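Following: one structure in structure tokens, then a few remarks.
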Amino acid sequence: MSVHLHWFLPTGGDGRTLVDRHAYTDGGIRRDRITPVSGVRAPDVEYLAQIAKAAEQLGFEAVLTPTGTWCEDAWLTTVALTQVTERLKFLVAFRPGVISPVLAAQMAATYQRISRGRLLLNVVTGGDSTEQRRFGDHLDHDRRYARTDEFLQVVRGVWSGEPFDFRGEHYQVEGGLTALPPDPLPQIFFGGSSAAAGPVAARNVDVYLTWGEPPAQVKEKIDWIRGLAEKEGRTVRFGIRLHTISRDSSKEAWATADRLLDDLDPATVAAAQQALGKSESVGQQRMLALHGGSRDKLEIAPGLWAGVGLVRGGASTALVGSHAEVADRIEEYHALGVEHFVLSGYPHLEEAYWFGEGVRPELAARGLLPAVRSPLDAVPAANGRPASAPGGAPLLVAGGR
């Protein structure tokens, strides 16, 4: 089982800080309460194209694009980026509750033809009722997962190329059809930590994604989903969503993590924790429990840092250390059965180079990558200088500033 490396497209904005583009108070709607933050980059297509091209050059297989109120639309943004990349795949996140499953199946088929087979799908059921209601979705948490179950049955049904009928609680389809099914069929990624989510994954998805919990907790999830899938007569693969801070030395990496905390005053952390604490997502609550809103013990497992979660929801832990140490942590998760690693870092352009030129050669040397796809695999970072930087100039100093 090889390691598959994926990066992230920050379509909600990027920068040298953990503080988000929008404030957490009032869901970020009252913009007059936002404190201006320096170093924040708008998610314009030119900047996103830089990240996509860097990810492709560095040998990442795909990039995840998020979905939600504060992001650019994932379908439209990524299909534009297919025109400036050649091999890179796009893991497009979308919410089943705001689109017809037959239309989604048709969009995926069209996307595959436009991109020549470079679409992956990340199904986001949604763990925040306030966010869901913005899009006209008024179902509660468990019913949203029941609807996702039906949604994926319909999508796979109409991808068969034959008229497909379906009658469920949430969808009734008569003769649903994708006249030209996608080729290849996009892999479906999905995450969810609640009791309602597990059976959906077991019955429908190709890759189950978890956020970056400590290895023992990740193993529990893998065993849970694997057992449910076996009862369905299926096999599910596994992935993990993490941030990374990788440097030439462990000292440099942890210094960068500490500097990210310097931007976070107590009021900002308190506001974020209050807002995130209202989430219905079981996965989000598990993330919050890792640090409890405190800065005191943020290294929750060797090389696993929970500092991102003080102010950001969703994936909120980072692998921190030297390139070899980060590779060790990836190898540890891989030994548990994790195949797909969906990674990110702040800022996403610079951190892609730190990881791609530092950690990726380590993984290749250990025989964990499927093939040498990046010309930089055999060129380790040296003296803090990314190998591809013009004239050997560093893209990012050790401090991350």
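Over all other residues within a Cβ to Cβ distance under 13 Å of ARG118, the charged ones net out to 0, with Lys and Arg as +1 and Asp and Glu as -1.
Amide H contacts of VAL3: LEU369, each under 5 Å away and 5 or more positions distant or on a separate chain (H built 1.01 Å from N in the peptide plane; Pro and chain starts excluded).
Residues in the chain average 41 Å² of solvent-accessible surface per residue, probe 1.4 Å, ligands and nucleic acids excluded.
Hey, if we sort VAL79, VAL218, VAL40 by accessible area with the 1.4 Å probe, largest down, what's the order? Walk me through the intermediate numbers first.
Details: VAL79 40, VAL218 0, VAL40 60 Å².
So the residues, ranked largest to smallest area, are VAL40, VAL79, VAL218.
Using only alpha carbons, the chain has a radius of gyration to Kirkwood radius ratio (Rg to Rh) of 0.95. A cut-off of 5 Å between modelled amide H atoms, ignoring neighbours fewer than 5 places along the same chain, links PHE8 with LEU64.
Here the Gaussian network model covers the chain, with springs between Cα atoms less than 10 Å apart; of ARG234, ARG312, ARG167, ARG167 fluctuates the most. Please report, as a whole percent, how much of the solvent-accessible surface of the chain comes from carbon and sulfur atoms (probe radius 1.4 Å). For the chain, the apolar C and S fraction of the accessible surface comes to 51 percent.
Taking every DSSP helix (H) stretch of at least 4 residues in the chain, weighting each as -39,500 (n - 2.57) and dividing the sum by the residue count yields a mean residue ellipticity at 222 nm of -11500 deg cm²/dmol. Computed from phi, the 3J(HN,Hα) profile of region 262-267 under the Karplus parametrisation 6.51, -1.76, 1.60 (θ = phi - 60°) reads 4, 7, 9, 7, x, 5 Hz, with x in place of Gly and Pro.
Taking N as the residue count of region 177-299, its C-alpha radius of gyration divided by 2.2 N^0.38 Å amounts to 1.36. Under a model in which nothing but the beta-carbon of Lys, Arg (+1) and Asp, Glu (-1) is charged, the chain shows a dipole of about 140 debye around its Cα centre. Share of antiparallel DSSP beta bridges in the chain, in percent to the nearest 5? Bridges in the chain are about 20 percent antiparallel.
Using the Cα gyration tensor of region 241-353, with a ≥ b ≥ c the square roots of its eigenvalues, what is the shape: rounded (a/c below 1.5), prolate (a/b larger than b/c) or oblate (neither)? Since a/c reaches 1.5 but b/c is at least a/b, the shape of region 241-353 is classed as oblate. Counting only heavy atoms of the protein chains and using a 1.4 Å probe, ARG366 has close to 80 Å² of accessible surface. Taking a ≥ b ≥ c as the square roots of the Cα gyration tensor eigenvalues, region 162-213 comes out oblate, since a/c reaches at least 1.5 and a/b does not exceed b/c. Computed packing ranks the peptides 356-362, 282-288, 294-300 as 356-362, 282-288, 294-300, most packed first, by mean other Cβ atoms within 10 Å.
Applying a DSSP loop filter and a limit of 16 other Cβ atoms within 10 Å to the GluC sites (Glu not before Pro) in region 168-250 leaves GLU169, GLU232. Full extension of the chain between ALA80 and ARG116 yields a length gain of 11.6 nm, computed as 0.36 nm times the residue separation minus the alpha carbon distance.
Here each label is just a point 7 Å from Cα along the line to Cβ, and for ASP165 and ALA324 those points are 6.5 nm apart.
The HN-Hα couplings worked out from phi for region 306-321 by the Karplus form 6.51 cos²θ - 1.76 cosθ + 1.60 (θ = phi - 60°) are 9, x, 4, x, 5, 10, 10, x, x, 4, 9, 10, 10, 7, 10, x Hz, whole numbers, x standing for Gly and Pro.
Using only protein heavy atoms and a 1.4 Å probe, report how much of TYR171 is accessible, in Å² to the nearest 10. About 30 Å², rounded to the nearest 10.
Available extension along the chain between ARG156 and HIS138 is 4.0 nm, counting 0.36 nm per residue and deducting the alpha carbon span. Cut-off under 29 Å on the C-alpha distance; same-chain residues fewer than 8 positions from LYS297 excluded. Which lysines are left, in chain and number order? Cα-Cα hits under 29 Å: LYS219, LYS221, LYS251, LYS278. Here region 315-356 is scanned for amide nitrogen atoms under 17 Å from the site 7 Å beyond the Cα of ALA289 along Cα-to-Cβ, giving 315-317.
Summing charges over all other residues whose Cβ lies under 13 Å from the Cβ of VAL92, with Lys and Arg as +1 and Asp and Glu as -1, gives +1. Computed over the Cα atoms of region 81-150, pair by distinct pair, the Kirkwood hydrodynamic radius stands at 13.4 angstrom.
When the GluC sites (Glu not before Pro) in region 39-144 are filtered for DSSP coil states and for at most 10 other beta-carbon atoms within 10 Å of their beta-carbon, the remaining sites are GLU86.
The values are calculated or read from the model by the stated rules, or taken from the named source; none is laboratory data. Every value quoted in this text rests on a predicted model; they were computed, and no experiment measured them. Cβ: placed from backbone, ideal geometry, glycine included. Neighbour counts: every protein chain shown. Protein only, heavy atoms only, side chains kept; ligands, DNA and RNA dropped before computing areas. Shrake-Rupley method; radii C 1.70, N 1.55, O 1.52, S 1.80 Å.
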